[in-house]
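The values are calculated or read from the model by the stated rules, or taken from the named source; none is laboratory data. Just so it is clear, the model here is predicted, and its values are computed rather than measured. Methodologically, a virtual Cβ is constructed for each residue, glycine included, from the backbone with ideal geometry; neighbour enumeration extends over all protein chains shown.
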Amino acid sequence: MSTIKRGILLLLSTICLVQVHSGETTYFLVGEPPGRALCRDSYVLPLSKQEDIDHARYLISLGASVFEGANAALVGARVGPGKDGINRNYVDPTFPEWSWHVIEFLRFADRSLIILDGCSIDVENDPVWYRGEDPRQGLIGFWNFTIVRELGPLPLYMSIIPEGRIFSSTGAVSAPTTFIRWKAKRLWQAQTGLQCQVFRGR
């Protein structure tokens with residue numbers, strides 16, 4: 001194999017295994033902490049204020065004990081309709097995209113109204129909820145959900161797909177909005193038998 005081809009493969013290998021970050025907003029995964037899996041889904045929360053980002057990181061550090069005591073672990077947010085290429089269920093290995101996304105973070109809290117409780121899939125199956133057409137006004141505050149992972153500021157998401165099945169090569173997630181078709185894609189596939197998909201955030 002030529003030096004150039006080796007270099008291209010090395011570059012693609014690195015790209016497919018590394019998260020690249022850019023931008024000011026930091027994204028976090030909101031889901032169920034260890035030992036509390038009921039819904040088995042998740043959604044993505046964008047945060048921009050440093051105090052909110054710091055609290056989100058604090059909640060992650062608590063792990064399974066996050067709901068022990070008053071830690072303001074619940075996420076209060078407003079959602080709206082539309083796929084944004086970012087909000088997906090990353091608990092599902094196929095990363096299905098939700099038909100809604102967070103349009104406003106409100107606050108962290110220890111409790112919320114019962115009508116705001118639920119799961120991400122409940123919102124997905126209730127367009128009236130995420131369109132704000134009922135008394136909930138698009139608000140969510142899931143009782144069993146908290147910040148479980150930091151995803152980074154507009155990260156790239158890379159996945160390696162053998163035989164049509166999707167696997168995350170980083171364990172982290174990202175904002176797939178623009179698919180980049182690499183000129184070296186065929187070389188990568190020929191040498192590895194794998195398909196490399198690279199997504200770039202907005």
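Within the bounds of segment 125-136, is there any residue that is surrounded by fewer than 20 Cβ atoms within 10 Å (Cβ to Cβ) and in contact with a Phe, Trp or Tyr (Cβ under 8 Å, 6 or more places away or on another chain)?
No: segment 125-136 contains no residue that is surrounded by fewer than 20 Cβ atoms within 10 Å (Cβ to Cβ) and in contact with a Phe, Trp or Tyr (Cβ under 8 Å, 6 or more places away or on another chain).
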Practice item. Starting from segment 128-151, take each residue that is touching a residue at least 40 places away in the same chain (Cβ under 8 Å) and under 18 Å from GLU68 (Cβ atoms) and list its partners that are in a loop (DSSP other than H, G, I, E, B) and of a type in the set (A, V, I, L, M, F, W, C), counting only C-beta distances under 6 angstrom and pairs at least six apart or across chains. Key: ASN144/LEU38; THR146/VAL66; THR146/ALA73
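Output the residue which, of all residues in segment 136-170 that are among the β-branched types (Val, Ile, Thr) and at pLDDT below 50, is farthest from PHE28 (Cα to Cα).
Restricting to residues being among the β-branched types (Val, Ile, Thr) and at pLDDT below 50, the top hit is ILE161.
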Revision key, fill the gap. Out of (1) closer than 18 Å to PHE142 by Cβ; (2) surrounded by fewer than 13 Cβ atoms within 10 Å (Cβ to Cβ); (3) without any contact (Cβ under 8 Å) to a residue 40 or more places away in the chain, the one SER61 does not meet is (1)
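Can you tell me which residue in segment 64-83 is nearest to the chain's Cα centre (by Cα), limited to those that are farther than 18 Å from LEU139 by Cα and surrounded by 14 or more Cβ atoms within 10 Å (Cβ to Cβ)?
VAL66
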Check your understanding: Do any helices (runs of 4 or more DSSP H) entirely within segment 17-135 hold 3 or more residues that are at pLDDT below 95 and either farther than 20 Å from GLU150 by Cβ or in contact with a Leu (Cβ under 9 Å, 6 or more places away or on another chain) (or both), and if so, which?
Key -> none
Check your understanding: Is it fair to say SER174 is modelled with pLDDT under 95, among the polar types (S, T, N, Q), surrounded by fewer than 19 Cβ atoms within 10 Å (Cβ to Cβ) and not assigned by TED's automatic domain parsing to the domain that holds GLY82?
Key -> no
